[in-house]
Every structure is written in structure tokens, then in C-alpha cells.
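Colleague: Submitted below is the structure of interest, expressed as C-alpha cells.
The values are calculated or read from the model by the stated rules, or taken from the named source; none is laboratory data. All of these numbers come straight from a predicted model, not from anything done at the bench. Glycine gets a Cβ as well: all are built from the backbone with ideal geometry, and neighbour counts include every protein chain shown. In case anyone asks, the SASA skips ligands and DNA or RNA and just uses the protein heavy atoms, side chains included. Shrake-Rupley method; radii C 1.70, N 1.55, O 1.52, S 1.80 Å.
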Number of protein chains: 2
Amino acid sequence: MFDSNALFSKAFAGLKGNIIRELYQYTSQPGFISFAGGNPSPETFPNEELAEIASKVLKENSIACLQYGVSNGILSLREYIAGQMTEEGVPAKAENVVITSGSQQSMDLLSKAMLNPGDRVLVESPTYVAALKIFGIYGARVEAVASDDEGIIPEALQEKLETGPAKLIYLIPNFQNPTGITLPWERRKRIMEIVKKHNVLVIEDDPYGKLRYSGDPVPHMKTLDEAGQVAYFGSFSKIIAPGLRMAYVVCQEAVARKLVLGKQNNDMHTPNLTQLIVNEYCRRGRLQAHIEECCLVYKKKRDTMLSLLDTHFPKEMRWTRPDGGLFLWSKLPEGYSSMKLLEYAIPAKVAYVPGDSFFADGSGVNTMRLNFSNASKADMEKGIALLGEQIGQYLKDGK
Amino acid sequence: MFDSNALFSKAFAGLKGNIIRELYQYTSQPGFISFAGGNPSPETFPNEELAEIASKVLKENSIACLQYGVSNGILSLREYIAGQMTEEGVPAKAENVVITSGSQQSMDLLSKAMLNPGDRVLVESPTYVAALKIFGIYGARVEAVASDDEGIIPEALQEKLETGPAKLIYLIPNFQNPTGITLPWERRKRIMEIVKKHNVLVIEDDPYGKLRYSGDPVPHMKTLDEAGQVAYFGSFSKIIAPGLRMAYVVCQEAVARKLVLGKQNNDMHTPNLTQLIVNEYCRRGRLQAHIEECCLVYKKKRDTMLSLLDTHFPKEMRWTRPDGGLFLWSKLPEGYSSMKLLEYAIPAKVAYVPGDSFFADGSGVNTMRLNFSNASKADMEKGIALLGEQIGQYLKDGK
């Protein structure tokens with residue numbers, strides 16, 4: 001009689017894992033070289049200091065660590081984040097900050113608080129694959145806005161907004177995932193002028209912004225936000241460690257209160273221990289120096305990968321040269337498929353993410369995302385040579 | 001132009017905080033004595049050992065702690081939980097276990113995977129207030145099933161199931177929240193016979209089951225589950241510490257796979273650090289002895305509260321005498337309101353949870369939940385005397 005398949009919700013009945021998580025079955029095998037994940041380099045993890053801090057907070061502040069906590073997050077950390085944002089040109093108070101268990105959860109909570117089935121969400125093209133999944137779970141109609149090699153095109157966004165109401169605009173202005181592109185200041189200003197005329201919330205997702213290796217920083221879009229129209233997503237995943245699942249939203253109080261209700265009814269609160277560890281690390285003033293160390297490591301890795309691509313990738317290939325972040329974006333010639341290329345790459349024990357899953361409209365069949373932050377220099381050398389070889393073979397075999 | 005209030009989803013537009021979290025604004029004030037929360041006693045927290053373990057796993061196993069992890073949870077902990085369940089008469093493998101960030105999240109993930117708006121969910125009456133909130137967010141029609149002083153009435157459940165399809169049945173068989181009642185074995189058997197004839201999933205939520213201070217343990221309902229129809233929710237919140245946000249679901253693989261997709265698109269995974277801490281604590285064989293220590297502490301607290309109620313509560317009051325867990329359930333005479341009584345209790349700096357919010361149908365106006373696990377002996381003595389006094393005053397003033 002019992003048949004769970006007949007019981008799943010519409011959103012979950014046909015839901016599949018996202019491509020990055022699905023590739024994990026291969027990439028977790030020993031000897032596999034993966035450029036697929038968004039993993040920071042383990043050599044950057046400040047594990048000795050985190051160990052000392054974890055022990056200290058558990059000993060000295062055990063009730064705060066171990067008892068139930070508040071759903072919006074511990075006050076000291078929210079104050080720290082508000083202070084940082086204020087320094088970065090976004091005046092904020094603790095009431096504007098909600099601590100979450102990773103930006104994935106920031107996205108889930110905001111989507112849940114805002115989206116009814118059928119609501120429109122506008123996104124860059126391509127955009128972060130998991131965001132597309134989450135918007136889809138809440139039944140949103142996701143529409144891709146035309147983008148070029150400077151990112152989303154403001155006029156294309158304006159046209160979309162003029163055709164009818166949208167609830168959310170989802171943007172990753174710095175070192176975008178998957179393309180690595182940074183949206184120029186002029187476009188940020190233009191977009192903020194355009195959205196002012198529409199009742200729509202802008203998500204400024206910024207997990208990589210502090211990881212800049214060349215060029216000048218561009219101020220947050222939220223520095224131009226007078227109406228409280230931008231929800232800024234920050235994260236400690238790429239600048240301390242992703243396994244801690246620590247992130248935050250900075251937004252209008254009315255929106256923050258809804259996110260907190262979402263937390264109450266989701267996981268109640270982010271673990272106090274991970275919050276107190278990150279808080280202590282930040283309060284000691286360790287974060288800025290650590291980010292600088294990370295940038296040194298990643299700059300080298302980016303430069304290594306770019307030079308390896310120059311050497312090993314067939315001349316028909318194209319790729320971006322990002323100023324920061326973790327990813328670059330590459331294209332096979334038109335008509336070739338990066339999904340088909342996996343049939344060459346996987347047996348050679350090398351992986352990347354096929355790009356089509358980053359497109360709301362299923363285009364981008366010839367694109368791929370390459371991560372340069374995780375692999376060691378030796379693995380990168382071996383892996384890019386292998387991948388270049390397999391691409392050469394695929395191009396020779398034909399579409 | 002921007003007006004976030006016009007943008008919130010149907011589920012969130014009118015959403016309010018749950019009563020326990022709302023009371024926190026008072027109960028967190030110094031000098032306030034609260035019997036409202038579900039807080040375990042801080043004196044039971046094994047913080048010294050957790051500090052040593054946290055430091056050890058961060059030092060010795062830093063990548064596993066700090067890098068991205070798998071969405072279903074670390075294998076060693078899933079294997080440990082599967083082993084425990086097998087010993088308790090529920091044959092399980094690691095594939096049947098999903099690690100979550102607290103049972104609140106188990107509930108959210110399962111609801112999200114199963115519920116379309118309008119789906120029926122059957123619950124005990126009264127039941128856990130946050131479960132009602134979560135089912136409501138997913139648009140479920142929640143129906144209260146008649147319950148008596150032994151818990152939910154099997155025949156009443158059968159009648160409800162025969163009137164039409166339901167997706168979920170939500171039960172807390174051990175030391176129920178809020179009543180403290182334990183569902184007898186005969187009723188568990190009868191319910192499992194009844195549900196076999198219907199395509200419905202049973203949630204067996206068991207956060208308190210190991211906290212038994214008198215009487216004999218009753219086997220899990222899931223020991224009778226041949227069809228994979230029961231999703232068992234376990235939690236470390238009440239037997240290690242709630243601030244770690246560590247819990248799990250044991251269920252059919254098909255259901256587990258959907259929950260894992262939910263995790264992927266929610267918080268990606270529970271923090272590896274908290275998982276590894278709990279895993280190490282359990283693998284050292286420390287949990288069983290610790291549970292025994294907790295039971296000694298809580299037995300004393302329960303007995304103290306029962307004896308204080310005998311002394312201080314007006315003779316018109318009734319209350320349960322639970323064999324375990326954290327709560328007992330008390331009733332004012334018919335016609336009186338425990339919400340109104342808060343107007344006496346709050347100024348006297350003592351709190352409990354008014355019972356009506358635990359009822360899907362808004363009944364139970366004269367009921368209240370009292371927590372006996374958190375307050376110190378001195379606070380309990382003072383608080384129950386104060387509360388008894390205020391009840392006396394309210395009864396004298398009249399409805």
C-alpha cells in the first residue's frame with residue numbers, strides 16, 4: 001500500500017541533484033583531478049587558530065555555545081558585520097543583519113519569504129546553478145537577462161522590468177559564478193537607477209568580492225541603495241572555511257524580520273559554536289590579514305591556470321581572465337558540447353562543470369566552468385594538460 | 001516606489017513568530033524565571049569534553065572539518081546512528097540516515113519534500129507548536145485528531161484517514177510536547193495496523209525518548225514498520241546540547257534521497273565541525289553514560305516540580321505526571337485563559353507557554369506547558385510559588 005513516490009510534492013517529485021553535487025561521485029575518487037567544485041584551497045584554512053578558539057569559547061562561554069540561541073544570530077557578530085558594511089559604504093545596524101548557515105540558506109530563506117508559484121525572477125545569463133534550483137523549488141518563472149563580457153546589460157534588464165512585475169533580481173556583481181566577470185561601476189549605477197522605478201528586490205550575492213588579485217575594487221551596489229531595495233549576501237565560506245556554513249544577509253529591517261521567521265521555522269538558528277568561533281576570529285582582527293594571505297595563494301593559482309591554458313588548450317578555445325574569485329569560464333567552438341566532452345574527461349579522471357546548467361534557458365551548451373582555487377600546482381599542471389588533450393581529441397572526433 | 005510589504009509570499013505575509021520565541025523577549029531579561037522554553041539544563045552540557053574534541057578534530061582532521069562536505073552527512077556518524085537504531089529494533093543502514101541541523105529542519109525538509117498547498121496533515125491534539133507553523137507555511141490543512149490522557153486515539157485517527165487521503169501523520173510518542181504523555185505500546189501497534197491500509201507517511205518525532213526517569217521504555221513505532229512508512233526523527237539537542245543543532249532522520253531510502261536534495265538546496269550540509277564533534281563524542285562511547293547522568297539530573301527536577309505544584313498550585317488546577325522528557329501540562333479550570341494569566345505572570349517575572357497555540361483548532365484556552373529541565377532548584381522553588389500565587393489571584397479576580 002505505502003508508495004512514497006506517490007506522496008512527494010510537485011516541486012520534489014522530479015527534482016534532481018545539481019550537476020556539481022552529482023559530479024562529486026567521480027571527483028571524490030582518489031586520483032581524480034577536479035576543477036568542478038567551488039572549493040577553497042585547504043592550505044588557506046586557519047585550522048590551528050580555529051582549534052584554539054573553539055576550545056576557548058566552549059570552555060569559557062559554554063552556555064552561549066551550547067544552549068538554544070536567538071534566530072537572527074549572536075549580537076556581537078551581527079554588530080561586527082554591520083560595522084564592516086558601514087566601513088564599506090553601506091550604513092548598517094545589527095538589526096539589518098541576519099546570520100545564516102551559508103549563502104545557500106540566505107537564498108532559500110529569501111526565496112521562501114518572497115516567492116509564490118508563478119512569480120518572476122530575473123537572473124544574469126549564465127548564473128549560479130543552485131540559485132536556479134532554489135527559485136525553481138518555489139515555483140518561480142526564472143528569466144535570463146542578456147549579459148555580455150561586462151556582465152548583465154542594464155538596458156536588457158530595463159526591458160524585462162517594463163514587460164511586467166518581477167519579485168527578485170539575482171546578481172553576483174563580483175567575480176561572477178560561473179563567468180568570473182565583475183560588473184563595472186557604471187553598470188551598477190545604471191541598474192540602481194532602473195530598479196528604483198520598480199517594486200522589486202535586488203539580491204547582491206557577494207561570496208567572492210574580497211578575493212581580488214588584480215584591478216581596483218568596485219563599491220557594492222548596496223552603497224547606492226536608498227530605499228532598502230538591495231539584500232546583500234555575504235559569506236565566510238571563501239574567506240575562512242565553507243565547512244563551517246557561516247554567512248549573512250544585510251537588508252532592510254522589514255525583510256530581515258521575515259528572514260528571521262524563516263530561520264525560526266527552518267533550523268531555529270545557526271549553531272552557536274560556529275557563530276562564536278567566527279565572531280572571535282573576526283574580533284581578534286585576524287580576518288583582514290587572512291584574506292590577504294588567501295589572495296596571495298589564489299593569485300598564484302589563477303596565474304598558473306591561465307598560463308597552463310595558454311600552453312595546453314587548443315587554439316579554438318576561449319576563456320575569461322578574471323580579476324578575482326575562484327572561477328574562470330571557457331568555451332568550446334560553437335556546436336560542440338561540454339556535456340559530451342565529459343565522456344572524454346571522466347575516464348581521464350579530470351572534471352569541470354558543463355556550463356549549460358548555469359543558463360535559465362538551457363543555452364550555453366559549449367561552455368564550461370573551471371575552478372582554479374582548489375587543485376595543488378602539480379594537480380593543476382597534470383589536470384589541465386589532460387583536459388587540453390581530451391578537448392583536442394574531442395575536437396578531432398567532431399561534434 | 002520600493003515597498004517590501006507588497007512583495008512577501010502568501011505564506012510569509014501574515015506570518016508571526018511562534019509564542020515560545022516571542023516570550024523570549026521577556027524570559028531573556030535578568031531575574032526572570034522561565035518555565036517556557038524547551039531548554040535542557042546547562043549543568044548537563046559536557047562542555048569540557050566537547051572543547052577537547054573540537055580542538056582535536058580541527059587539528060587532526062582539518063579538511064574534513066572545514067572543506068565542503070556531503071549533503072547527507074558524514075558517513076561515520078550516519079553509520080553510528082544506523083547501528084544504534086538497529087540495536088533499538090529498527091534495522092537501518094547509513095543510506096537510511098540523513099543528518100540535519102536540528103529536528104526543526106528535519107520537519108522543514110520533510111514538509112517541503114511532501115506537501116503541496118491543501119494537502120492534509122493529521123496531528124495529535126495538542127501538538128508541538130513549531131510543527132503546526134511549518135505545516136502551515138507549506139499550505140497544509142492541519143487536522144487535529146482526538147487525543148486523551150494516553151495520547152492520540154487510534155480509532156479517531158482511523159476515522160480521519162477514512163474520510164480522505166492525508167500526506168502526513170505527525171506523532172511524538174514519547175513524553176509528548178506539550179503534554180508529557182507517552183503513547184502505550186498497544187496504541188502504537190493499533191496505529192501501525194491502521195496506517196498500513198493508507199498511503200500516508202508517519203513522522204515519529206522522538207527528541208525526548210532517551211530521557212526516561214520512571215516506568216519501562218516502549219519500543220519505537222518504527223520497529224513495526226515493514227513498508228518504510230515511518231520517518232523517525234532523532235536529535236542530539238536534549239541529550240548533548242541544542243546549540244550544536246544536530247539531529248537526524250531515519251527513513252526509507254527513497255524518502256532519504258529527497259531529504260538530501262532538500263539539504264542540497266537549503267544549507268548544502270550541516271556544518272562538518274558540529275557533525276565531527278558529535279561523532280567523536282558518540283564513538284568514544286560517552287553518550288550512554290551521559291544520558292544516564294542527564295536522567296539523574298532531570299528526575300530530580302521533575303520530582304521537585306511535581307512536589308512544588310502540590311504545595312503551591314491552587315486545588316482547582318490539574319497537571320500531568322510524566323515519566324520523562326522536559327515538560328508537564330497543566331490546566332486551569334474551564335473558562336479561564338492561560339493567555340490572560342500571562343498578564344499576571346509576566347509582571348511577576350515568571351513565564352510558561354499558554355497552551356492554545358499547541359492546538360491546531362485553537363482550543364485549549366485554559367491549558368499551559370511547564371518546562372522542568374532548565375530552572376535551578378532555587379529558581380524553581382521561587383518561580384512555582386510566584387506562579388501559584390498569580391494563579392490564585394487570577395482565579396479570585398474571575399475569568
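Colleague: With respect to B:Met368, is the statement that it is open to solvent by less than 10 Å² (accessible area, probe 1.4 Å) and of a type in the set (A, V, I, L, M, F, W, C) true? Lay out the reasoning, then the answer.
Modeller: On the way: open to solvent by less than 10 Å² (accessible area, probe 1.4 Å): yes; of a type in the set (A, V, I, L, M, F, W, C): yes.
Yes; evaluated as a whole, the condition is true for this residue.
Colleague: Hey, another quick one. Out of all the residues in the range B:350-364, which are in contact with a Gly (Cβ under 8 Å, 6 or more places away or on another chain) and surrounded by fewer than 24 Cβ atoms within 10 Å (Cβ to Cβ)?
Modeller: Across the range B:350-364, the qualifying residues are B:Asp356, B:Gly364.
Colleague: Please work out which one of (1) crowded, with 20+ Cβ neighbours inside 10 Å; (2) under 30 Å from B:Leu115 (Cα atoms); (3) small (Gly, Ala, Ser); (4) more than 10 Å from chain B (Cβ to nearest Cβ) is the condition A:Gly69 fails and give its number.
Modeller: Unmet for A:Gly69, out of (1) crowded, with 20+ Cβ neighbours inside 10 Å; (2) under 30 Å from B:Leu115 (Cα atoms); (3) small (Gly, Ala, Ser); (4) more than 10 Å from chain B (Cβ to nearest Cβ): (4).
Colleague: Being polar (S, T, N, Q) and in contact with a Leu (Cβ under 9 Å, 6 or more places away or on another chain): is that true of B:Asn61 here?
Modeller: Values: polar (S, T, N, Q): yes; in contact with a Leu (Cβ under 9 Å, 6 or more places away or on another chain): yes.
For B:Asn61, the condition - polar (S, T, N, Q) and in contact with a Leu (Cβ under 9 Å, 6 or more places away or on another chain) - is met.
Colleague: Also, I was wondering about something else. If a residue has to be open to solvent by 30 Å² or more (accessible area, probe 1.4 Å), out of contact with any Lys or Arg (no Cβ under 8 Å at 6 or more places or on another chain) and aliphatic (A, V, I, L, M) to count, how many in the range B:7-23 make the cut?
Modeller: Qualifying residue count for the region: 3.
Colleague: Give the residues of the range A:203-228 that are under 17 Å from A:Pro91 (Cβ atoms), among the aliphatic types (A, V, I, L, M) and buried (at least 16 other Cβ atoms within 10 Å of the Cβ), sorted by residue number.
Modeller: Of everything in the range A:203-228, those that are under 17 Å from A:Pro91 (Cβ atoms), among the aliphatic types (A, V, I, L, M) and buried (at least 16 other Cβ atoms within 10 Å of the Cβ) turn out to be A:Met221, A:Leu224.
Colleague: Part of a loop (DSSP other than H, G, I, E, B), aliphatic (A, V, I, L, M) and within 26 Å of A:Ile181 (Cβ to Cβ) - does that describe any residue in the range A:381-398? Spell out the reasoning first.
Modeller: If we filter the range A:381-398 for residues that are part of a loop (DSSP other than H, G, I, E, B), which is where we start, we get A:398.
Filter again for aliphatic (A, V, I, L, M), leaving none.
Within the range A:381-398 (the criterion being part of a loop (DSSP other than H, G, I, E, B), aliphatic (A, V, I, L, M) and within 26 Å of A:Ile181 (Cβ to Cβ)), the answer is no, since none of the residues qualifies.
Colleague: A further question on this structure: May I ask you to list pairs of residues, at least six apart or on different chains, whose Cβ atoms are under 6 Å apart, with the first in the range B:32-53 being within 9 Å of chain A (Cβ to nearest Cβ) and the second being of a type in the set (A, V, I, L, M, F, W, C) and open to solvent by 20 Å² or more (accessible area, probe 1.4 Å)?
Modeller: Taking only residues 6 or more apart or on different chains, the pairs are B:Pro42/A:Ile63.
Colleague: If you don't mind, there's one more thing I want to ask. Just for the range B:76-98: of the residues that are aliphatic (A, V, I, L, M) and in contact with a helix residue (DSSP H, G or I) (Cβ under 6 Å, 6 or more places away or on another chain), which one is farthest from the other protein chains (Cβ to nearest Cβ)? Spell out how you get there, then give the answer.
Modeller: Within the range B:76-98, the first condition is being aliphatic (A, V, I, L, M), and the residues that meet it are B:77, B:81-82, B:85, B:90, B:92, B:94, B:97-98.
Now narrow it down to the ones that are in contact with a helix residue (DSSP H, G or I) (Cβ under 6 Å, 6 or more places away or on another chain): B:77, B:82, B:90, B:92, B:94, B:97-98.
Working: B:Leu77: 14, B:Ala82: 19, B:Val90: 16, B:Ala92: 16, B:Ala94: 15, B:Val97: 16, B:Val98: 14 Å.
In this case the residue turns out to be B:Ala82.
Colleague: Before we move on, is A:Val90 under 24 Å from the mean Cα position of the chain (by Cα) and over 27 Å from B:Ser62 (Cβ atoms)? Can you show your working first?
Modeller: Details: under 24 Å from the mean Cα position of the chain (by Cα): yes; over 27 Å from B:Ser62 (Cβ atoms): yes.
So A:Val90 passes the test.
Colleague: Of all residues in the range B:243-292, which are charged (D, E, K, R) and either within 7 Å of another protein chain (Cβ to nearest Cβ) or in contact with a strand residue (DSSP E or B) (Cβ under 8 Å, 6 or more places away or on another chain) (or both)?
Modeller: To start, the set of residues in the range B:243-292 that are charged (D, E, K, R) comprises B:245, B:253, B:257-258, B:263, B:267, B:280, B:283-284, B:286, B:292.
B:Arg245, B:Lys258, B:Lys263, B:Asp267, listed by residue number.
Colleague: Here's a follow-up. Specify the residue that is farthest from B:Pro271 (Cα to Cα); the eligible residues are those in the range B:79-105 that are assigned to a loop (DSSP other than H, G, I, E, B) and without any contact (Cβ under 8 Å) to a residue 24 or more places away in the chain. Walk me through it before giving the result.
Modeller: Looking only at the range B:79-105, we keep the residues that are assigned to a loop (DSSP other than H, G, I, E, B), and these are B:88-93, B:101-102.
Right, trim to without any contact (Cβ under 8 Å) to a residue 24 or more places away in the chain and you get B:91, B:93.
Details: B:Pro91: 27, B:Lys93: 22 Å.
Going through the qualifying residues, I end up with B:Pro91.
Colleague: Looking at (1) touching a Leu at 6+ places or on another chain (Cβ under 6 Å); (2) over 20 Å from B:Cys251 (Cβ atoms), which is the only condition B:Val121 fails?
Modeller: (2) is the only condition that B:Val121 fails.
Colleague: Of the residues that sit in the range B:1-23 and are within 7 Å of chain A (Cβ to nearest Cβ) and in a helix (DSSP H, G or I), which one is nearest to the chain's Cα centre (by Cα)?
Modeller: Taking the range B:1-23 first, the residues within 7 Å of chain A (Cβ to nearest Cβ) are B:1-10, B:12, B:15, B:17-18, B:21.
Going one step further and asking which of them are in a helix (DSSP H, G or I), we end up with B:4-6, B:10, B:12, B:21.
Working: B:Ser4: 33, B:Asn5: 32, B:Ala6: 34, B:Lys10: 26, B:Phe12: 23, B:Arg21: 14 Å.
Result: B:Arg21.
Colleague: Okay, moving on. Scan the range A:327-344 and report the pairs whose first residue is open to solvent by less than 30 Å² (accessible area, probe 1.4 Å) and whose second residue is assigned to a helix (DSSP H, G or I) and among the β-branched types (Val, Ile, Thr), with Cβ atoms within less than 7 Å and a gap of 6+ or a chain change.
Modeller: So the pair list comes out as A:Leu341/A:Ile391.
Colleague: Collect the residues in the range A:371-386 that are in contact with a Pro (Cβ under 8 Å, 6 or more places away or on another chain) and open to solvent by less than 10 Å² (accessible area, probe 1.4 Å), keeping them in residue-number order. Even if it seems obvious, please write down each step before you answer.
Modeller: So the first thing to find is which residues in the range A:371-386 are in contact with a Pro (Cβ under 8 Å, 6 or more places away or on another chain), and the list is A:373-374.
Across the range A:371-386, the qualifying residue is only A:Ser373.
Colleague: State whether the residues of the range A:119-140 include one that is assigned to a strand (DSSP E or B), in contact (Cβ under 8 Å) with a residue 40 or more places away in the chain and farther than 24 Å from A:Tyr208 by Cβ. It would help to see each step written out before you state the result.
Modeller: Of all residues in the range A:119-140, those assigned to a strand (DSSP E or B) come to A:120-124.
Then drop every residue that is not in contact (Cβ under 8 Å) with a residue 40 or more places away in the chain, which leaves A:120-124.
This time we only want the ones that are farther than 24 Å from A:Tyr208 by Cβ, so: A:120.
Looking through the range A:119-140, at least one residue is assigned to a strand (DSSP E or B), in contact (Cβ under 8 Å) with a residue 40 or more places away in the chain and farther than 24 Å from A:Tyr208 by Cβ.
Colleague: Right, another one. In the range B:24-33, what residues are in contact with a Gly (Cβ under 8 Å, 6 or more places away or on another chain) and either within 20 Å of A:Asn72 (Cβ to Cβ) or assigned to a loop (DSSP other than H, G, I, E, B) (or both)? Don't jump to the end; show me each part of the working.
Modeller: Going through the range B:24-33, the residues in contact with a Gly (Cβ under 8 Å, 6 or more places away or on another chain) turn out to be B:24, B:27, B:33.
Matches in the range B:24-33: B:Tyr24, B:Thr27.
Colleague: From the set of residues in the range B:48-75 that are part of a helix (DSSP H, G or I) and polar (S, T, N, Q), which is nearest to A:Leu244 (Cα to Cα)? Working first, answer last.
Modeller: To start, the set of residues in the range B:48-75 that are part of a helix (DSSP H, G or I) comprises B:48-60, B:62-66, B:75.
Remaining after also requiring polar (S, T, N, Q): B:55, B:62.
On the way: B:Ser55: 14, B:Ser62: 11 Å.
Residue satisfying both the conditions and the ranking: B:Ser62.
Colleague: Looking only at the range A:184-211, which residues are farther than 11 Å from A:Gln158 by Cβ, within 12 Å of chain B (Cβ to nearest Cβ) and in a helix (DSSP H, G or I)?
Modeller: Start the filter on the range A:184-211 by keeping residues that are farther than 11 Å from A:Gln158 by Cβ, which leaves A:184-189, A:192, A:196, A:199-211.
Subsequent filtering for residues that are within 12 Å of chain B (Cβ to nearest Cβ) retains A:192, A:196, A:199-202.
Of everything in the range A:184-211, just one residue is farther than 11 Å from A:Gln158 by Cβ, within 12 Å of chain B (Cβ to nearest Cβ) and in a helix (DSSP H, G or I), namely A:Met192.
Colleague: Considering only the range B:113-124, I want to know if a residue exists there that is of a type in the set (Gly, Ala, Ser) and over 18 Å from the mean Cα position of the chain (by Cα).
Modeller: As a first pass, look at the range B:113-124 and keep what is of a type in the set (Gly, Ala, Ser): B:113, B:118.
Then keep just the ones that are over 18 Å from the mean Cα position of the chain (by Cα); that gives B:113, B:118.
There is at least one residue in the range B:113-124 that is of a type in the set (Gly, Ala, Ser) and over 18 Å from the mean Cα position of the chain (by Cα).
Colleague: Still on this structure, please answer the following. Find the residue count for the range A:269-321, including only residues that are more than 22 Å from A:Gln84 (Cβ to Cβ), charged (D, E, K, R) and open to solvent by less than 70 Å² (accessible area, probe 1.4 Å).
Modeller: Count: 3.
Colleague: Return yes or no: is A:Leu395 open to solvent by 10 Å² or more (accessible area, probe 1.4 Å) and of a type in the set (A, V, I, L, M, F, W, C)? Walk me through it before giving the result.
Modeller: Numbers: open to solvent by 10 Å² or more (accessible area, probe 1.4 Å): yes; of a type in the set (A, V, I, L, M, F, W, C): yes.
Here the answer is yes, as A:Leu395 does meet what is asked.
Colleague: Determine if the range B:178-193 includes at least one residue that is surrounded by 20 or more Cβ atoms within 10 Å (Cβ to Cβ), in contact with a strand residue (DSSP E or B) (Cβ under 9 Å, 6 or more places away or on another chain) and either aromatic (Phe, Trp, Tyr) or within 22 Å of A:His269 (Cβ to Cβ) (or both).
Modeller: Checked the range B:178-193: at least one residue is surrounded by 20 or more Cβ atoms within 10 Å (Cβ to Cβ), in contact with a strand residue (DSSP E or B) (Cβ under 9 Å, 6 or more places away or on another chain) and either aromatic (Phe, Trp, Tyr) or within 22 Å of A:His269 (Cβ to Cβ) (or both).
Colleague: If you don't mind, there's one more thing I want to ask. Using the structure shown, decide if B:Lys160 is of a type in the set (D, E, K, R), over 15 Å from the mean Cα position of the chain (by Cα) and farther than 12 Å from B:Val121 by Cβ. Show your work before the answer.
Modeller: Values: of a type in the set (D, E, K, R): yes; over 15 Å from the mean Cα position of the chain (by Cα): yes; farther than 12 Å from B:Val121 by Cβ: no.
Taking the combined requirement at face value, the residue does not satisfy it.
Colleague: Take the residues of the range B:51-66 that are touching a Phe, Trp or Tyr at 6+ places or on another chain (Cβ under 7 Å) and among the aliphatic types (A, V, I, L, M): which is surrounded by the fewest Cβ atoms within 10 Å (Cβ to Cβ)?
Modeller: Initial filter on the range B:51-66 (touching a Phe, Trp or Tyr at 6+ places or on another chain (Cβ under 7 Å)): B:53, B:62, B:66.
Applying the additional criterion that residues be among the aliphatic types (A, V, I, L, M) yields B:53, B:66.
Numbers: B:Ile53: 22, B:Leu66: 25.
The selected residue is B:Ile53.
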